[in-house]
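Let me begin by presenting the structure, written as structure tokens, before commenting on it.
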Amino acid sequence: MKYGRIENYINGEFVPVQSERTITITSPINGVLLAELPCSTKADLDNAVAAAKIAFTSWSKTPIKERVQVFYRYKSLLEKHIQELAGLGSEENGKTHSESIAEIEKCIELTEFACSLPQIVTGEILEVSKGVECRTEKVPLGVVASIVPFNFPTMVPNWTIPNAIALGNCIIIKPSEKVPLSLGRIAKLLQEAGLPKGVFNIVQGDAEIVNAICDHPGIEAVSFVGSTKVAQHVYRRATGNLKRCLALGGAKNHLLVLPDAIPGMTAQNITASMSGCAGQRCMAASAMVGVGAVDHIIEKICAEAQNVVPGENLGAVINKEAKERIERYITEAEEQGARILVDGRNVVVAGSENGSYVGPTVIDYVTPDMAVAKEEIFGPVISIIRTKTLDEALAIENASPYGNAASVFTQNGGAARYVMEHASAGMIGVNIGVPVPREPFSFGGWNESKFGVGDITGKSSIEFWTKLKKSTIKWNPESGLNWMS
């Protein structure tokens, strides 16, 4: 066992978990045993909340321009240790080294935005009457929690860590029980950057500790990223306990392809979107809706997919259970009459025979009622649905209960604008396979891809991590009274 028994990180120290219930962590790349993860109890969470509450007293009173100095240093440390962090992320998650590098680069960008918060969170002041001022300021909530998924062991935690902490909160992170290692290294970097004890804490575990977080009276807000089913549960449970909650769920992203789309660029974008991070991202291309005569583009997609090689430029899926589930979707579609143009089933990578790999898969002649057309597969699979008109394509996109992202590939500006106006998704792309907004623009979908108000990154996240204090001040009794004072 390479890393031994995982510990919690509470009040600036790694501490043993108060439980003997454990989960075995293996690398999806080759099946090697990495670590043993004990599942935290409510007592462990109580300790983390208590430490965070003590730290909040002084951290929340530290001026924001001083708080962000930690993140200037943290950014430099991310840059310094990028290769190490990427290696660890690949080892526990299975993605390629280049994808893990890109993940850390995104963490750096997220941290840069947090460093800009003093220039954004400035409050307002106005003289509303002779000698009477009204002012507003954004103040931190207190102790907050973030529950994060397996597919981005460092990036998704950094959707919340820099902003929540820079805005004055103290945070408790619950990593996915599938990838508990990367956040431990992040804790050390934050400590090296000068973050005071108790401001950042890690509590390991599974569903039991998720429920405890939602129930804990000392936690003011909860953010969550994961599947829609669990997002709904977390949102209901947290808000049922009178907490603020923002829960991001799953997706079924539709890429609408028109005949005038540039074939090479379209094929490259769709293939990269479908296969990047082994399809294990909520912004992955999952369903392509071809409008009219698009066979020439589908041929190029298949050719591009053949260049995506498991174990080389395509990483593993998270575990063998995921591999089996993804392959069942493909087989079911084939049995229902769909045509498998590129088949990624039964892949074995030489030297990593115990790894969990699924090859790139292109499925044509999918109908909207098939499971591969409706459900989140979370693998390197694209389902092609054929339509005659753009309105038919939009009807398919809008019928999905999800609403994370949609893209259109065309050289017709009017058609692109039509899709932008009519697609029911929070993030829209034109000739872009993964339309993730860059900072300071925020990340967040619609419909059953998000529960709660606001977004999790960018300027929109400020409202989630703060509350507004309003003050009215008068110092001149000589000016008398009126209805405003």
Quotient of Cα radius of gyration and Kirkwood radius for the chain, i.e. Rg/Rh, equals 1.02
Amide N of the stretch 168-200 lying under 14 Å from the label point, which is placed 7 angstrom from the Cα of ILE120 along Cα→Cβ | 168
Compare the Cα positions of GLN83, THR96, CYS115 along the charge dipole of the stretch 72-115 (+1 at Cβ of Lys, Arg; -1 at Cβ of Asp, Glu; about the Cα centre) and return the one farthest towards the positive end.
-> CYS115
Which of LYS138/LYS243; LYS61/LYS197; LYS53/LYS178; LYS2/LYS320 exceed 22 Å between C-alpha atoms? The answer is LYS53/LYS178
Hey, what D do you get for the stretch 203-308 in µm²/s if you plug the Kirkwood alpha-carbon radius into Stokes-Einstein at 10 °C and 1.306 mPa s?
-> 97
Where does each of 214-222, 31-39 land if you order them by average Cβ count within 10 Å, highest first?
-> 214-222, 31-39
Protection proxy ranking, peptides 351-357, 284-290, average beta carbon neighbours within 10 Å, highest first | 284-290, 351-357
Sequence order, the stretch 23-35: Karplus ³J(HN,Hα) from phi using 6.51 cos²θ - 1.76 cosθ + 1.60, θ = phi - 60°, Hz rounded, Gly and Pro as x, gives 10, 8, 10, 10, 7, x, 5, 9, x, 5, 5, 9, 6
Ranking VAL199, PRO153, PRO217 by how far each Cα lies towards the positive end of the charge dipole of the stretch 140-241 (+1 on Lys and Arg Cβ, -1 on Asp and Glu Cβ), the top one is PRO153
Okay, helix-only estimate at 222 nm for the chain: each DSSP H run of n ≥ 4 adds -39500 (n - 2.57), divide by all residues, round to 500 deg cm²/dmol; what do you get?
-> -12000 deg cm²/dmol
Could you go through the stretch 172-181 in sequence order and give the Karplus-derived ³J(HN,Hα) for each residue, using 6.51 cos²θ - 1.76 cosθ + 1.60 with θ = phi - 60°, rounded to whole Hz, and x for Gly and Pro?
-> 10, 9, 10, x, 4, 5, 8, 9, x, 7
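Just so you know, all these numbers are worked out from the coordinates, no wet-lab data involved. Because the structure is a prediction, the values reported are computed rather than measured. Methodologically, a virtual Cβ is constructed for each residue, glycine included, from the backbone with ideal geometry; neighbour enumeration extends over all protein chains shown.
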